[in-house]
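Only the coordinates and a few stated rules stand behind these numbers; no lab work does. Everything numeric in this text was worked out from a predicted model, so none of it was measured. No Cβ is skipped: glycine too gets one built from the backbone with ideal geometry, and neighbour counts run over all protein chains shown.
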There are 2 protein chains.
Amino acid sequence: MNFKMNEAIEVLERTPQTLAHLLSGLSDGWLHADEGEGTWTVAEVVDHLIEGERANWIPRLEWLLREGEGRPFPPFDRFAHLEGQTARSIEARLQAFAELRAANLVRLRELVDPAVDLERTGLHPAFGVVKLRELLSTWAVHDMTHISQIVRVMAERYRADVGPWTAYLGILRRK
Amino acid sequence: MNFKMNEAIEVLERTPQTLAHLLSGLSDGWLHADEGEGTWTVAEVVDHLIEGERANWIPRLEWLLREGEGRPFPPFDRFAHLEGQTARSIEARLQAFAELRAANLVRLRELVDPAVDLERTGLHPAFGVVKLRELLSTWAVHDMTHISQIVRVMAERYRADVGPWTAYLGILRRK
C-alpha cells in the first residue's frame, strides 16, 4: 500500500488550480467539444467534480465514521450534474470547485486522524465492506481519471487534424 | 478539420502552467513513481517535453518551411531525454520547459502566417508527405498525451489502495 493521507491531500489540493490553468479562458471550441453522443464536454466534467465535492466524498466519509458497517452509503448519482444546470461560465465552475474542495480538505483534516482511522470500515452499496483509506485513495485517483478525461476530450477534437501522427499519439488510441 | 492556429496556441501556452500547478512541490513518492520496468517517471515525462521543445517541434517546422518535400526531417530521438540527465529538481525542469515553450511560441508566430501556410508540406522520415497543420496539431495533442500519461503514472501508485473502486476508475483500466 502506498497511501499516505498527507500525500493524497497534496494531489487533492492541486487539482482545482491545475484545471484552472488548463481551462480558464479557452475558446468555446475546446470547452464545447465532446467525444460523441452521450459523452461529456470539458465543462460537464468540471460539473461532475463539483457534484462529487458536494454529495459524494465528504458525505460518504461522514457516513462511514458514523455508521461503520451498519448501513450502506446512500448511492451517489454519477449523472446528477447533467440535470438542472445553469449556464455558468467555465471560470465560475472552476471557482465553485476550488471553494468546495478547499472546504472539504479542511473538513477531512478535522474528521480523520491518519494514525488511527485509515483502516476503519463502512459498507458500500455495491462493493460491500470498504476501508476509509480506500475511499480517500479513490478520491485522489478520481481527480486523475477526470484530468485524463478532460485532455482526452480535447485531443479528440484534433483526431483528423494530426494526419498520420495518430500512430504516435497514445491519447487518440484509447477511449 | 478543427485546427485553428490561435486555438492550438491556447493549449500550447497553458501546458507549462498546468504542469507547474500539478507537480510543483509534490512529494518524491509521486515524482519517482513509474508504471514498472522501462516506463517513465513524471519527471522523465517533463524531460521529454523539454527535449521536444529543444529538438523537435520548431526545428521540424523550420525544416518544413525551408526544404518543403525535398528532404525528410532528421529523425527525432524520443528517448534522448533519458541520457546524460543532470539531477534537476522538478521545479527547475518545469521552469526550463516554460521558458523554452514561451520562446517557441514567439518563434511560431514569426514563422507561420495561418492565412497562407497551414497547407504547406514537408517530408516525414516514416510517414512521407505531411502538412504544416498536421505538425502543429500534433504538437498540441502531444501535450495532452503527456498530461494524460503523468496523471496515469500517478494514479497507478494507488492501484492497490483504492480496493474495489478500481472498477469505477477508468484511468486504472488502461495502460
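Some observations on this one:
- The packing ranking, built from the mean of other Cβ atoms within 10 Å per residue, places the peptides A:147-155, B:12-20 in the order A:147-155, B:12-20, highest first.
- Rounded tilt (10° steps) of B:90-111 against the dominant C-alpha axis of chain B: 20 degrees
- The protein assembly as shown - Debye-derived log10 I(q)/I(0), Cα point model, q = 0.08, 0.12, 0.14 Å⁻¹: -0.41, -0.88, -1.15
- Whole-angstrom gap from region B:42-112 to region A:23-74, using each part's C-alpha centre: 36 Å
- When the GluC sites (Glu not before Pro) in region B:48-87 are filtered for DSSP coil states and for at most 10 other beta-carbon atoms within 10 Å of their beta-carbon, the remaining sites are B:Glu83.
- Each other copy places its own label point for B:Arg109 at 4.1 nm from this one, sorted shortest first, where the point lies 7 Å along the Cα-to-beta carbon line.
- Long-range HN-HN contacts of A:Val129 with modeled amide H, under 5 Å: A:His124
- For region B:112-167, the set of GluC sites (Glu not before Pro) satisfying both a DSSP loop assignment and a count of at most 15 other C-beta atoms within 10 Å is given as B:Glu119.
- Shielding value for B:56-66 is 0, the average number of Cβ atoms from other chains within 10 Å of each residue's Cβ.
- Taking trypsin sites (Lys or Arg not before Pro) across region A:61-132, the ones in a DSSP loop with at most 13 further Cβ atoms lying within 10 angstrom of their Cβ are A:Arg78.
- Tensor-based shape of region A:50-141 (alpha-carbon gyration tensor, a/c under 1.5 rounded, otherwise prolate or oblate): oblate
- Neighbour-count ranking [beta-carbon atoms within 10 angstrom, fewest first] of B:Asp47, B:Asp28, A:Asp34, A:Asp143: B:Asp28, A:Asp34, B:Asp47, A:Asp143
- Per-residue mean of foreign Cβ neighbours for A:22-32 is 3 (Cβ atoms of other chains, 10 Å radius).
- Counting charges near B:Leu132 (Lys, Arg +1; Asp, Glu -1) among other residues having Cβ under 15 Å from its Cβ returns a value of -1.
- Other protein chain Cβ atoms within 10 Å, averaged over every residue that makes up B:127-136: 3
- Helix B:42-55 axis versus longest C-alpha principal axis of chain B: approximately 10°, rounded to the nearest ten.
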